[in-house]
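What follows is calculated from the coordinates using simple rules that are stated; it is not laboratory data. Predicted, not measured: the structure shown is a model, and the values here were computed from it. With ideal geometry, Cβ positions are generated from the backbone for all residues, glycine too; neighbour counts draw on all protein chains shown.
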Amino acid sequence: MNNIRNFSIIAHIDHGKSTLADRILEMTGMVRKTSMDQMLDNMDLERERGITIKAKAVRIPYRAVDGKEYILNLIDTPGHVDFSYEVSRSLKACEGAVLLVDATQGVEAQTIANANLAIDAGLKIIPVINKIDLPGAMLDDCALQLYTMLGLSIEDILHVSAKDGRGVADLLEAIVERIPSPSGEASDPLKCLIFDSFFDPYRGVIPHLRVFSGRIVAGDKIMLKSSGRIFEIEEVGYFSLGLAQSEQLQAGEVGYAVALIRNAGEIHVGDTVVAADHPEVAAVPGFRLSQSMVYCGIYPIITSDYAKLGAALDKFKLNDSSVVFEKENSAALGYGYRMGFLGMLHMEIALERLKREYEQDIIATMPSVIYRVICKDGEVLMLDNPSKFPPEGQIDRIEEPVIRTRIIVPSDYVGPCMELSDAKRGVLAGIEHPDDKRAILVYDLPLAEMITDFYDRLKSVSRGYASMDYEMNGYRTGDLVKVDILVNNGPVDALSYIAPREGAATRGRALIHKLSKTIPKHLFKIPLQAAIGSQIIAREDIFPRRKDVLAKCYGGDITRKRKLLEKQKEGKKKMKMVGFVEVPQEAFLSLMKIED
Amino acid sequence: MRGLYIHIPFCVSKCFYCDFYSVSEKLGLMDEYIDVLLAEADSCRGMDFSTLYLGGGTPSILGAERLEKLVIGLRRRFDLHDLQESTIEVNPESAGIDLLATAYRLGIGRVSIGIQSLNDGELKKSGRAHNRRQALETIDSALSSGYRNISADIMIGLPGQTAQSLGETLSVLTGAGINHVSAYCLSVEEGTAFYRCPPPDLPGEDEQASLFEYAVDILKTHGFVHYEISNLARPGSECLHNLNYWRGGEYLGLGPAAASHISGTRFRNSPNLERYLVDPLSDREGEEHLEDASKAGEEAMLRLRLVQEGLDMQKMNNKYGRNAIEGVEARPNKLVGRRSLAREGDVFRLQPAYVLISNSVFIDVIG
């Protein structure tokens, strides 16, 4: 056990985590150079977006300069705030963390958030400045930031270029030297942490385990602490680049277990695994069920595809147990599902995967947070769907979830960022000045503002320099109203949304206007209205189409004409019929990005 | 009934709205072009045709001598004894009395003049190479050369065009002896000058629709029949060559970018003059042979363009057989319920209100 080092690499998004992991795998001989980019990111989508969605692990044999053989377990972590709970569980499985900072960007909001998670987990931190090959590298500034903002010693900082491999050998040595080996006795009763899992169609859910004490072999009966459920272990092993079966997993080690767990809902990241005959062993602290923060409705474009969508969701859930869904019924869109996600990014990725990997033609409605509606009769409703709100007259008040966000921003952009936060109903909770170049703004902000376009706007008002991180911070009362959207005189429940009363009309107008540009002209006039209760706050009409864009058919090139018509017909299939109006998919989701 | 289309891809200059295949810098290649085109014709030697159509580009840019060489060359290679109609497209700037008289003498009895407008401002803003005076002179030249079948191309939606200017253009033209009008709505296509730099006074979609309807009304009061979506004619002066396209007929197209429809197969030459000149036979693209049901759907869509004649299910049945036209009958029947088509006996017709929005009808017809 003395030769094991369990560690993660943590960083702000795009600071080079995956590239560093690749380089480590290459330099330790795990993979040949140029064999495949970014081994740890499995899913196409992850690579496209440059982020790691699900944690993965790899066991790396390494011969150090001292001549001894070591086992390095690299546990990859997701790099986005939506997944901070998953990050914290991955860190819990480690004794150390490599904190990576992009030399051209410096410490950013998620650098701090991740570093704090690592510090909370009691990890040894190795600060590393990456991308030193780039001309804009600011080594001294970064070092100073690591010191002032995170209290890390400047002399501990390593310099690497994950791209060309410079400094990576020293980093490997530092991992061996500085990170403590795991403690815990193989002879004690079993205690493991589940830090991730994936679904194998033949072998069921395969949890990723960090063993803290005891050992686990095939044939053992294990118990899940949170549910008391008992399973028999069929196989254990390590993470090589694939799964490598082994005789046992013991204290200090990281690996997987196969136990024919059919239902992904059984396995929760953060849960503790103990031996069935030692149920008294205490759980690893900090477990909680992942909590959905953002909800939206999803509906099949073609109503009869409802059953197909349900089957796809069941399959999807096996892969990503952090989504939740239940049946929902919309007067406008028919049968569909209400889906809950950890955050906006999680939602975008999940919807994209449903479309691409699960080949579902769906429309998603505007995302919503969970409102706490206190009725005049004292009843308290937790509602994630605006169309389920009681009539205004029955509502005493509405409370909405609030986040505490930390925005790191260069001093020059403090003004615009504060203006934006104020406009988004933020309440300033503090300003810190870690150095003379940057400020940290701490705001309490309605989550609803966050999930619309706050982050995009923040990036734009700060020319891309601001970074942010957030955590949930309870509920607060807001002067909120429900706005209904009427298309062709019929309310479209899937377009209803909750908005602050102040500015509701302005926003309604902007939304109606956007809708008028998204819904194509029809052969008849389509009135679009926004209403609070029975009061119309905005109206715009889509006038009838009087002429096709391509009316000519000249020169005998009939094939071209027919293909254009077929293309148009395909486009029509992507529309959802709402009453007699064809509404394109984009209409529903694009509405959340409304410029005020 | 089979048509022969000859594409002449040369123009003195490119009009700002034009996305047809034409070149304006390589006029020196015209002689070579005639030779190569006749070589392409050699590959189909002996075919017979009922209509001949010289289109472009600008066929009149060839001049009398080359035109003569071309037409005589075609007569040697094809059986043109039963020609019922032959047309040449001309533009006013290159259609002198010499050219028109030669064309008429060669047996080309119909001329289609690219007038577009009689308003000099509109012509100039659209990059046309002629003016009102030249357009009217061309009509006179055609008449004095013996032409009685004269068509004018009119563009709806030119920059600065108004109902008044359009009305004036049409009244003058109908008075000057025109018996056929092709009225095309200007659309801003990728790759055109208007696409790169749209003029500020380009009429919008709704305005264009109004202008089009106005044009149709004026022409109707002058005795024209709206026989195809974009074409109007005095009774008996409809363009047979184009009617053949819309009736699903056969045609052979020669020259780059020319489309053909032979024995149920559609294909076209690539729009590339250089490659065509190197080898006119090796550059075909988009060959397509549809199965009967799709073919019938396509023909139904084409026939519905013929606003008066309509889609005659009896004719479709004779041509494709009952099985293939099942869908073709069922789909239009549904549209009758939605009032975009009317049915009279075996004939479906596009309703007047849907002429400009026919695509929405056609996508439900093609299946």
**Asked** Projected onto the charge dipole of chain B (+1 at Lys/Arg Cβ, -1 at Asp/Glu Cβ, origin at the Cα centre), which of B:Gly204, B:Ala176, B:Ser22 gives the Cα projection farthest towards the positive end?
**Response** B:Ala176
**R0 of 60 Å, Cβ-Cβ distance A:Leu289-B:Ala193: FRET efficiency to nearest 0.05** = 0.45
**Helix A:139-150 vs. chain A, principal-axis angle (Cα, 0 to 90°, nearest 10)** = 90 degrees
**Asked** In percent, how large is the relative contact order of region B:291-367, given Cα pairs closer than 8 Å and 6 or more residues apart?
**Response** 39 percent
**Complete:** Longest principal axis of chain A (C-alpha) makes with the long axis of helix A:17-27 (C-alpha) an angle, in degrees to the nearest 10, of 40 degrees
**Item:** Förster radius 45 Å - calculated FRET efficiency between B:Met30 and A:Phe580, Cβ distance, rounded to 0.05
**Value:** 0.20
**Message:** Is there a quick way to get the dipole size of the protein assembly as shown? I mean about its Cα centre, with the Cβ of Lys and Arg at +1 and of Asp and Glu at -1; what is the value in debye to the nearest 20?
**Reply:** 2160 debye
**Request:** Express as a percent, rounded to the nearest 5, the fraction of DSSP beta bridges in chain B (both residues included) that run antiparallel.
**Result:** 40 percent
**Prompt:** the protein assembly as shown: D in µm²/s via Stokes-Einstein (Kirkwood Rh, Cα pairs, 25 °C, 0.890 mPa s)?
**Reply:** 73 µm²/s
**Asked** Are there trypsin sites (Lys or Arg not before Pro) in region B:1-32 that DSSP marks as loop and that have at most 16 other Cβ atoms within 10 Å, and which are they?
**Response** B:Lys26
**Prompt:** region B:266-367: which GluC sites (Glu not before Pro) are DSSP loop and have at most 13 other beta-carbon atoms within 10 angstrom?
**Reply:** B:Glu291
**Item:** Within chain A, longest stretch free of exposed chymotrypsin sites (Phe, Trp or Tyr not before Pro) [DSSP loop, at most 16 other beta carbons within 10 Å]
**Value:** A:1-201
**Prompt:** With each label point set 7 Å from Cα along the Cα-Cβ vector, what nm distance links B:Leu143 and B:His289?
**Reply:** 5.1 nm
**Item:** B:Arg76-A:Lys573 pseudo-label distance in nm [points 7 Å out on the Cα-to-Cβ vector]
**Value:** 5.2 nm
**Asked** What dipole magnitude, in Debye to the nearest 20, does region A:294-364 give about its Cα centre under +1 on Lys/Arg Cβ and -1 on Asp/Glu Cβ?
**Response** 80 debye
**Message:** Modelling each spin label as a point 7 Å along the Cα-to-Cβ direction, I'd like the A:Glu419/A:Ala64 distance in nm, to one decimal.
**Reply:** 5.5 nm
**Prompt:** When you take every Cα atom in chain B, what is the radius of gyration, and what is Dmax, the widest Cα pair distance, in Å?
**Reply:** 20.5, 57
**Message:** Suppose we flag GluC sites (Glu not before Pro) only when DSSP calls them loop and at most 15 other Cβ atoms lie within 10 Å. Which is the longest uninterrupted stretch of chain A?
**Reply:** A:1-184
**Item:** For region A:454-517, size of Cβ-based charge dipole, Lys and Arg +1, Asp and Glu -1, in debye
**Value:** 320 debye
**Asked** What's the angle, to the nearest 10 degrees (0 to 90), between helix A:168-178's Cα axis and the longest principal axis of chain A?
**Response** 70 degrees
**Asked** What is region A:327-431 by shape, rounded, prolate or oblate, if you read a ≥ b ≥ c off the alpha carbon gyration tensor as root eigenvalues and call it rounded for a/c under 1.5, prolate for a/b larger than b/c, and oblate otherwise?
**Response** oblate
**Complete:** per DSSP, antiparallel bridges as share of beta bridges in the protein assembly as shown, % nearest 5, sits at 70 percent
**Fill in**
Eigenvalues of the alpha-carbon gyration tensor of region A:372-478, times 5 and square-rooted, give semi-axes in Å, largest first, of 33, 13, 10
**Asked** Does region A:191-275 come out rounded, prolate or oblate by the C-alpha gyration tensor, with a ≥ b ≥ c the root eigenvalues, rounded set by a/c under 1.5 and, if not, prolate when a/b is larger than b/c and oblate if not?
**Response** rounded
**Asked** Considering amide H positions built from the backbone, and no H for Pro or chain starts, which residues 5 or more places from A:Ala332, or on another chain, come under 5 Å of its amide H?
**Response** A:Asp493, A:Ala494
**Loop sites in region B:308-367: trypsin sites (Lys or Arg not before Pro), DSSP, at most 13 other Cβ within 10 Å** = B:Arg322, B:Arg338, B:Arg339
**Prompt:** So if we plug the beta-carbon distance of B:Ile262 and B:Lys220 into 1/(1 + (r/R0)^6) with R0 = 41 Å, what FRET efficiency do we get, rounded to 0.05?
**Reply:** 0.65
**Request:** Specify the inter-centroid distance of region B:256-311 and region B:162-219, based on alpha-carbon positions, in whole Å.
**Result:** 28 Å
